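Down below is the structure, laid out as structure tokens.
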Amino acid sequence: LSAEVSDTVLRQAADFRDRALEDSDAYRLVERLAVEVGPRFAGTEGDRNAVAWAVETMRAIGFDTVRTQSVRVPRWERGTLEARVVTPYPQPLVALALGGSVGTPESGITAPVVRVETLADLEELPESDVAGRIVFIDSMTRRSRDATGYVETRPSRSQGPAAASRKGAVAAVVRSVGTSTSRLAHTGGTYFPKDVTPIPSAALSPADADMLATQVRTGETVQLHLKMSSRSLPDAVSANVVGEIRGTRAADEIVLLGAHLDSWDVGTGAVDDGTGVAIVLEAARLIISSRQRPERTIRVVLFANEEFGLTGARAYAEAAAAEEARHVLGMESDLGGGRVWRLDSGVGESGLDTVAVIAGLTASVGAPAGNNKASGGADLKYLREAGMPILAPRHDASRYFDVHHTIADTLDKVNAFELRQSVAVFLTAAWVAANTTTDFGRFPDARRETP
Ligand SMILES: [Zn+2]
């Protein structure tokens, strides 16, 4: 299909694929990260421990170089939260503060609820219906293999509280953006632009959102009481951790494998994004231990602070723009460790043949060719805006959003067999991309949103 991938490289890639499927051990790495470090929210002691863990682990794996890149991160502290229905039928609510929320006064806030089903419905409400109230945004997240359900409802969390504040709301509660059936609330970042007053903001478990919606449907005035001590603190310093396997022929051409090192504070970040960290590290480990060297440089980047504002991704992209080295292709694993079911891309015309060659190799492990409309993970945002083409192995996300950003993001949710298949796909793709002269072109559409 393409003269740009030699028979030798095809054979090596197939060998790597088969070896990864049989005896890669990414699970051991997730286990170590989840057990030895655990929660690692940006700017915390856990985050600093994670950076030290990553440096030590990458050195032990045997990367040619391992370095950290300093990143400034915002600091936010969850504090305590108490939420309950006061009228008409008093009940406690299971909820988590959203990252970026402010606290309530010490005595809490009691106010009537106004319920909307979508962010668009909120935009249409007159201010008089919102002012002085607690806005309840009740958007239900659809279960989906490709994460489109999450992409649809994410703005209700990330932008909903600010929209409520603009209309004078005193607080916001959002149906968790997630698919938990276990009465778990899903946290996540919410953002208040500079001209908007931050208000206390929390996510309700889906079950509690159902119950609250039913109380609202009685037509009686529903009042909530919220008491929260969340607050922001001065910025802290964290780091991206970068390891390289230097290329033999074109060391200044980089094939990037990314994942994020930070996690939310509530779980142990085994799934988000411990699995991604383990997949990219294990792919690199298998290359290093084979004693074969790639022609292009394979660079693993463990990004700081994906969860609370992408500051690690921004710092990395700024430094990359000043580097002489060129990113020829980027991949990221940040959708849990589920099986990769398709290989999508976002490359220029000149890269399509080689992408097809890669998909030809991964099809036999269940990841056939997909479309060229992918945008890759959140941490690749600034790089793709600068033109870096993307290869996007799509993890099956059907169950990912059951535990995403919850206290249940723990090691027991990680499936060792599925991880091996993911490693096989990332490793195959990385080996071919790093051993071809293919110009993958530029990312076709900088405005594309990421799932
Ligand atoms: Zn993530």
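Tell me, which residue of the range 291-320 that is within 15 Å of VAL255 (Cα to Cα) and among the hydrophobic types (A, V, I, L, M, F, W, C) is surrounded by the most Cβ atoms within 10 Å (Cβ to Cβ)?
Filtering first and then ranking leaves LEU302.
If you go through the range 230-258, how many residues are surrounded by fewer than 18 Cβ atoms within 10 Å (Cβ to Cβ) and either within 26 Å of the chain's Cα centre (by Cα) or basic (Lys, Arg) (or both)? Walk me through it before giving the result.
From the range 230-258, those surrounded by fewer than 18 Cβ atoms within 10 Å (Cβ to Cβ) are 231-237, 246, 248-252; that's our starting set.
With either within 26 Å of the chain's Cα centre (by Cα) or basic (Lys, Arg) (or both) added as a condition, the list becomes 231-237, 246, 249.
Of the residues in the range 230-258, 9 are surrounded by fewer than 18 Cβ atoms within 10 Å (Cβ to Cβ) and either within 26 Å of the chain's Cα centre (by Cα) or basic (Lys, Arg) (or both).
Right, ALA369: more than 15 Å from ALA147 (Cα to Cα), surrounded by fewer than 19 Cβ atoms within 10 Å (Cβ to Cβ) and more than 16 Å from the ligand (Cβ to nearest atom) or not?
Values: more than 15 Å from ALA147 (Cα to Cα): yes; surrounded by fewer than 19 Cβ atoms within 10 Å (Cβ to Cβ): yes; more than 16 Å from the ligand (Cβ to nearest atom): yes.
When the stated conditions are applied, ALA369 passes them.
Please count how many residues of the range 51-83 are over 24 Å from the mean Cα position of the chain (by Cα) and not small (Gly, Ala, Ser).
Quick first cut of the range 51-83, residues over 24 Å from the mean Cα position of the chain (by Cα) only: 59-65, 80-83.
So of that shortlist, the ones also not small (Gly, Ala, Ser) come out as 59, 61, 63-65, 80-82.
Number satisfying all stated conditions: 8.
Scan the range 98-123 for residues that are part of a loop (DSSP other than H, G, I, E, B), under 18 Å from THR197 (Cα atoms) and touching a residue at least 12 places away in the same chain (Cβ under 8 Å) and jot them down. So that I can check it myself, show each step before the final result.
Let us first name the residues in the range 98-123 that are part of a loop (DSSP other than H, G, I, E, B), namely 98, 100-108, 117-118.
Add one more test, that the residue is under 18 Å from THR197 (Cα atoms), and what stays is 98, 100-105, 108.
Scanning the range 98-123 gives LEU98, GLY100, SER101, VAL102, GLY103, THR104, GLY108.
Please go through the range 124-146 and give me each residue that is of a type outside the set (A, V, I, L, M) and in a loop (DSSP other than H, G, I, E, B), ordered by number.
First pass over the range 124-146, keeping only residues of a type outside the set (A, V, I, L, M): 124, 126-129, 132-133, 136, 138-139, 141-146.
Listed by number, the residues that qualify are PRO126, GLY132, ARG133, ASP138, SER139, THR141, ARG142, ARG143, SER144, ARG145, ASP146.
For residues that are more than 18 Å from ASP396 (Cα to Cα) and without any contact (Cβ under 8 Å) to a residue 40 or more places away in the chain, scanning just the range 139-159, find the one that is surrounded by the fewest Cβ atoms within 10 Å (Cβ to Cβ). Working first, answer last.
Going through the range 139-159, the residues more than 18 Å from ASP396 (Cα to Cα) turn out to be 139-140, 153-159.
Next, only the ones that are without any contact (Cβ under 8 Å) to a residue 40 or more places away in the chain stay: 139, 153-156, 158.
Details: SER139: 23, THR153: 23, ARG154: 19, PRO155: 16, SER156: 28, SER158: 19.
That would be PRO155.
Taking the stated definitions as given, is VAL196 surrounded by 20 or more Cβ atoms within 10 Å (Cβ to Cβ) and either over 28 Å from PRO74 (Cβ atoms) or not polar (S, T, N, Q) (or both)? Show your work before the answer.
Details: surrounded by 20 or more Cβ atoms within 10 Å (Cβ to Cβ): no; either over 28 Å from PRO74 (Cβ atoms) or not polar (S, T, N, Q) (or both): yes.
Here the answer is no, as VAL196 does not meet what is asked.
Do you know which residues across the range 1-52 are part of a helix (DSSP H, G or I), β-branched (Val, Ile, Thr) and under 20 Å from VAL271 (Cα atoms)?
As a first pass, look at the range 1-52 and keep what is part of a helix (DSSP H, G or I): 7-23, 26-37, 45-52.
Still in the running and β-branched (Val, Ile, Thr): 8-9, 30, 35, 37, 51.
Across the range 1-52, the qualifying residues are VAL30, VAL35, VAL37, VAL51.
Would you point out the residue of the range 430-446, among those that are small (Gly, Ala, Ser) and within 21 Å of the chain's Cα centre (by Cα), that is modelled with the lowest pLDDT? Give the derivation first.
Looking only at the range 430-446, we keep the residues that are small (Gly, Ala, Ser), and these are 430, 433-434, 441, 446.
Pick out the ones that are also within 21 Å of the chain's Cα centre (by Cα) and you get 430, 446.
Working: ALA430: 98, ALA446: 62.
Only one residue tops the list, namely ALA446.
Among SER107, SER101, which is the only one that is modelled with pLDDT of 95 or more, of a type in the set (Gly, Ala, Ser) and surrounded by fewer than 21 Cβ atoms within 10 Å (Cβ to Cβ)? Don't jump to the end; show me each part of the working.
Values: SER101 fails: surrounded by fewer than 21 Cβ atoms within 10 Å (Cβ to Cβ).
Step by step, each of SER107, SER101 is checked, and only SER107 is modelled with pLDDT of 95 or more, of a type in the set (Gly, Ala, Ser) and surrounded by fewer than 21 Cβ atoms within 10 Å (Cβ to Cβ).
Could you list, in sequence order, the residues of the range 24-80 that are surrounded by 20 or more Cβ atoms within 10 Å (Cβ to Cβ) and acidic (Asp, Glu)?
Correct list: ASP47 only.
Which numbered condition trips up ASP265, out of (1) among the charged types (D, E, K, R); (2) in a helix (DSSP H, G or I); (3) within 16 Å of the ligand (Cβ to nearest atom); (4) out of contact with any Asp or Glu (no Cβ under 8 Å at 6 or more places or on another chain)?
Only one criterion in (1) among the charged types (D, E, K, R); (2) in a helix (DSSP H, G or I); (3) within 16 Å of the ligand (Cβ to nearest atom); (4) out of contact with any Asp or Glu (no Cβ under 8 Å at 6 or more places or on another chain) is unmet by ASP265, namely (2).
Hey, could you check the range 271-306 for residues that are charged (D, E, K, R), assigned to a helix (DSSP H, G or I) and more than 23 Å from ALA317 (Cα to Cα) and say which is nearest to the chain's Cα centre (by Cα)? Please lay out each step first, then the result.
First, the residues of the range 271-306 that are charged (D, E, K, R): 272-273, 282, 285, 291, 293, 295-296, 299, 306.
Now drop any that are not assigned to a helix (DSSP H, G or I), which leaves 272-273, 282, 285.
If we keep only those that are more than 23 Å from ALA317 (Cα to Cα) too, we end up with 282, 285.
Numbers: GLU282: 19, ARG285: 23 Å.
Filtering first and then ranking leaves GLU282.
Provide a single number: the residues in the range 372-388 that are buried (at least 23 other Cβ atoms within 10 Å of the Cβ), within 16 Å of the ligand (Cβ to nearest atom) and either of a type in the set (Lys, Arg) or under 29 Å from ASP15 (Cβ atoms) (or both).
Here the count works out to 3.
Any idea which residue in the range 399-428 is farthest from the ligand (Cβ to nearest atom), counting only those that are of a type in the set (Gly, Ala, Ser), crowded, with 19+ Cβ neighbours inside 10 Å and assigned to a helix (DSSP H, G or I)?
The initial filter retains those residues of the range 399-428 that are of a type in the set (Gly, Ala, Ser), namely 408, 416, 422, 424.
Those left that are additionally crowded, with 19+ Cβ neighbours inside 10 Å: 408, 422, 424.
Next, from what is left, pick out any that are assigned to a helix (DSSP H, G or I): 422, 424.
On the way: SER422: 15, ALA424: 21 Å.
Per the criteria, the residue is ALA424.
Results for (1) of a type in the set (Val, Ile, Thr); (2) away from the ligand (no atom under 16 Å from the Cβ), shown as yes or no for each residue.
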position	(1), (2)
GLU253	no, yes
LEU261	no, no
ILE279	yes, no
GLU295	no, yes
GLU306	no, no
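The values are calculated or read from the model by the stated rules, or taken from the named source; none is laboratory data. Just so it is clear, the model here is predicted, and its values are computed rather than measured. Using ideal geometry, Cβ is built from the backbone for each residue, glycine included, and neighbour counts are taken over all protein chains shown.
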